[in-house]
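The values are calculated or read from the model by the stated rules, or taken from the named source; none is laboratory data. Note that the structure is predicted; figures quoted are calculated from it, not measured. A quick note on method: Cβ atoms are made from the backbone with ideal geometry, for glycine too, and the neighbour counts reach across all protein chains shown. Surface accessibility is based on the protein's heavy atoms, side chains included, excluding ligands, DNA and RNA. Shrake-Rupley method; radii C 1.70, N 1.55, O 1.52, S 1.80 Å.
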Amino acid sequence: MEKALGSLPVVAAFASRLRIRDVIDGLCPVDDRSELTHGQVVEALVANRLTSPEPLVRVRDWAGGYAVEEVFGLRAGQLNDDRVGRALDAIAPQVDSISGSVGAAAIEVFGIDVSRLHWDMTSISLHGEYEQADEDYPAPKYGHPKDRRADLRQVQTGIAVTGDGGVPVFHRAYDGGAGEVAQVVPMMKALQQIATARRLLIVGDSKLVSYDNLTKMHADDVTFVAPASKAYVKAERLAGLDLDRATPVDYVAGRDQGKDPDRWGTWHVFEDAMILAGPRKRDPVLTLRRVFVHSSARAGAAVTARAQKLDRARDDLARLERGLGSRHYPDVAAVEARLAVIGRTRRVAGYLQTATGTDTATGKPTLTWSFDQSVIDAEAATDGWYALLTNLDTADADATQVLLHYKGQEAVERRYSAFKGPLAVAAIYLKNNRRITAMITVVCLALLVFSLIERQIRAALRAQGRTTVAGLYAGRPAVPTTRLIFQALTGLRLIPATSGNLHTIPQPTPLQLEILDLLDVNPLEWC
């Protein structure tokens with residue numbers, strides 16, 4: 001009888017290199033009566049997330065169809081929902097230690113450069129009420145969800161990925177209503193414990209920037225790069241910038257790869273200094289480098305977006321004019337209410353000038369409107385511009401390098417895409433917030449394995465002077481991603497050993513054999 005093998009040997013090999021089972025079993029031991037250790041269960045859950053994400057009650061069915069017993073040494077019947085739940089309960093109090101230990105193992109074993117780390121937070125929507133949340137764990141709360149499901153409670157998670165390969169070496173779970181600004185300093189302290197670099201560079205979004213956060217970073221000799229929000233750099237300052245005074249940047253965006261050079265977006269930078277004062281008069285002022293960046297692609301997108309919302313607003317306003325005096329808009333109050341909705345939903349309230357009244361002859365409401373061209377022109381002057389703040393020394397990074405550091409922030413966005421995509425973490429339902437906290441760690445461990453596989457195969461290709469694997473995508477060469485790797489390995493099957501016969505893998509393809517060789521994984525060693 002054949003069983004699906006797929007990428008299980010690869011997952012097992014990388015989980016072993018990270019010592020996931022050993023770390024968890026050391027922190028969360030079981031008594032002698034238990035058939036499985038908690039480390040074994042979590043390792044299987046990581047494999048489940050990576051190969052065929054299913055709700056927890058279906059893990060047993062997944063294990064029955066895959067060669068889980070042969071690779072991980074546990075039977076499908078042992079992965080019932082009760083045993084999985086007890087494993088999650090056990091690791092929940094130790095998730096910070098598990099994250100730190102496995103992250104440190106990744107840095108050591110795979111030689112990851114952690115001198116630059118990219119930080120961001122996201123929300124995870126939850127189904128259920130969770131009215132009696134355990135106060136020792138992040139509490140599900142209503143907040144500002146990234147998926148716009150404001151009707152659902154949420155928890156939040158933050159991850160730090162390396163500039164070297166986009167590897168998530170650190171993660172934390174947070175309350176659903178936790179402010180991102182307040183998490184920066186605890187995150188910085190935790191990253192300092194696992195980072196091996198003499199001086200750490202943290203790249204983040206605008207939530208990184210506050211006087212207290214930057215003061216503590218400076219005191220701890222931590223450097224940062226982050227965009228400045230409108231609270232720190234006003235639109236008027238951006239509008240006054242002169243592109244002719246900016247320096248061109250030799251940078252090609254990923255979206256432009258493969259295009260003709262005349263279709264590439266262009267980038268320019270211009271630098272000055274900014275003084276940041278504290279909330280109290282006695283607070284010392286901080287002097288920061290401020291790097292203004294202009295992106296032609298961003299400018300073009302702003303022009304298109306503004307034209308679209310103005311066109312949509314015109315259509316709405318034309319329909320409103322045609323309906324004046326109808327049962328929908330019988331009076332001035334109804335007209336003004338509709339105008340408010342148009343201004344808000346079409347995001348044109350800043351441009352829209354209106355005058356309403358009542359026709360004395362007919363009693364119908366009247367309306368005149370226009371868009372303030374001076375306001376539109378002022379906004380257009382800022383198109384393509386944004387500002388980055390940093391405390392990096394000019395000897396360590398000029399304005400161009402500051403921008404390139406920030407452009408690496410897309411790595412954390414790609415990892416969140418995997419977090420909520422192929423690893424199937426969108427809206428989730430678990431028994432309590434203790435298990436939710438533990439499950440976030442399981443998924444982040446899966447994301448760590450997911451990222452290391454991609455980094456490893458690309459490094460192996462570079463050593464051979466290559467960047468692509470032949471036949472990886474629809475029969476054509478492609479730069480390897482973990483998704484493509486797993487797809488290519490999907491067809492691997494295992495014939496379990498019988499009396500007198502060893503495990504066999506029937507007819508692996510040349511592509512599958514090449515991938516396994518590049519990853520330095522012999523699948524039969526893991527069966």
Qualifying residue in region 359-380 (condition: among the charged types (D, E, K, R), modelled with pLDDT of 95 or more and open to solvent by less than 60 Å² (accessible area, probe 1.4 Å))
yes
What tally of residues in region 379-406 results from selecting those that are under 20 Å from residue 296 (Cβ atoms) and of a type in the set (A, V, I, L, M, F, W, C)?
9
Among residues of region 53-82 being under 26 Å from residue 433 (Cβ atoms) and either hydroxyl-bearing (Ser, Thr, Tyr) or open to solvent by less than 10 Å² (accessible area, probe 1.4 Å) (or both), the residue modelled with the lowest pLDDT is 59
Select from region 311-331 the residues that are farther than 17 Å from residue 368 by Cβ and not acidic (Asp, Glu) and list them in ascending order.
312, 326, 327, 328, 330
Unique match (being closer than 30 Å to residue 224 by Cβ, open to solvent by 40 Å² or more (accessible area, probe 1.4 Å) and of a type in the set (A, V, I, L, M, F, W, C)) among 404, 388, 392:
404
Exactly one of 483, 462 is under 27 Å from residue 67 (Cβ atoms) and charged (D, E, K, R), and that one is 483
So which of 382, 400, 366 ends up being of a type in the set (S, T, N, Q) and closer than 24 Å to residue 252 by Cβ?
400
Does residue 50 satisfy the criteria of being open to solvent by 10 Å² or more (accessible area, probe 1.4 Å) and not polar (S, T, N, Q)?
yes
Kindly establish whether residue 233 is touching a residue at least 12 places away in the same chain (Cβ under 8 Å), open to solvent by less than 20 Å² (accessible area, probe 1.4 Å) and not in a loop (DSSP other than H, G, I, E, B).
no
Restricting to region 188-203, and then to whatever is in contact with a Gly (Cβ under 9 Å, 6 or more places away or on another chain) and modelled with pLDDT of 85 or more, can you tell me which residue is farthest from residue 226 (Cα to Cα)?
201
Given (1) under 28 Å from residue 411 (Cα atoms); (2) under 29 Å from the mean Cα position of the chain (by Cα), index of the condition residue 345 fails:
(1)
Just to be sure I understand the filter: pairs with C-beta atoms under 6 Å, separated by 6 or more residues or on different chains, first member in region 67-83 and acidic (Asp, Glu), second member part of a helix (DSSP H, G or I) and surrounded by fewer than 14 Cβ atoms within 10 Å (Cβ to Cβ). Which pairs pass?
81/57
For region 217-273, give me the residue count where each residue is within 23 Å of residue 115 (Cβ to Cβ) and small (Gly, Ala, Ser).
3
Do we have residue 153 as under 21 Å from residue 433 (Cα atoms), among the charged types (D, E, K, R) and surrounded by 19 or more Cβ atoms within 10 Å (Cβ to Cβ) here?
yes
Which of the residues that make up region 267-281 are free of Cβ contacts under 8 Å to residues at least 40 places away in the same chain and either open to solvent by less than 70 Å² (accessible area, probe 1.4 Å) or in a strand (DSSP E or B) (or both)?
268, 272, 273, 275
Of all residues in region 30-73, how many are among the hydroxyl-bearing types (Ser, Thr, Tyr) and assigned to a helix (DSSP H, G or I)?
1
Subset tally (residues that are part of a loop (DSSP other than H, G, I, E, B) and open to solvent by less than 50 Å² (accessible area, probe 1.4 Å)) for region 12-29:
2
For region 498-513, which positions are free of Cβ contacts under 8 Å to residues at least 60 places away in the same chain and open to solvent by less than 50 Å² (accessible area, probe 1.4 Å)?
508, 511, 512
Would you be able to say whether some residue in region 250-258 is of a type in the set (S, T, N, Q) and either modelled with pLDDT of 90 or more or assigned to a helix (DSSP H, G or I) (or both)?
no
Being modelled with pLDDT of 95 or more and not basic (Lys, Arg) narrows it down to one residue among 339, 286; which is it?
339
Find the residue count for region 327-337, including only residues that are open to solvent by less than 70 Å² (accessible area, probe 1.4 Å) and in contact (Cβ under 8 Å) with a residue 12 or more places away in the chain.
5
Of the residues in region 87-135, those that are without any contact (Cβ under 8 Å) to a residue 40 or more places away in the chain and either at positive phi or in a helix (DSSP H, G or I) (or both) come to 108, 111
Would you be able to say whether some residue in region 454-464 is open to solvent by less than 10 Å² (accessible area, probe 1.4 Å) and of a type outside the set (Asp, Glu)?
yes
Output the residues belonging to region 210-228 that are in contact with a helix residue (DSSP H, G or I) (Cβ under 9 Å, 6 or more places away or on another chain), open to solvent by 40 Å² or more (accessible area, probe 1.4 Å) and assigned to a loop (DSSP other than H, G, I, E, B).
220
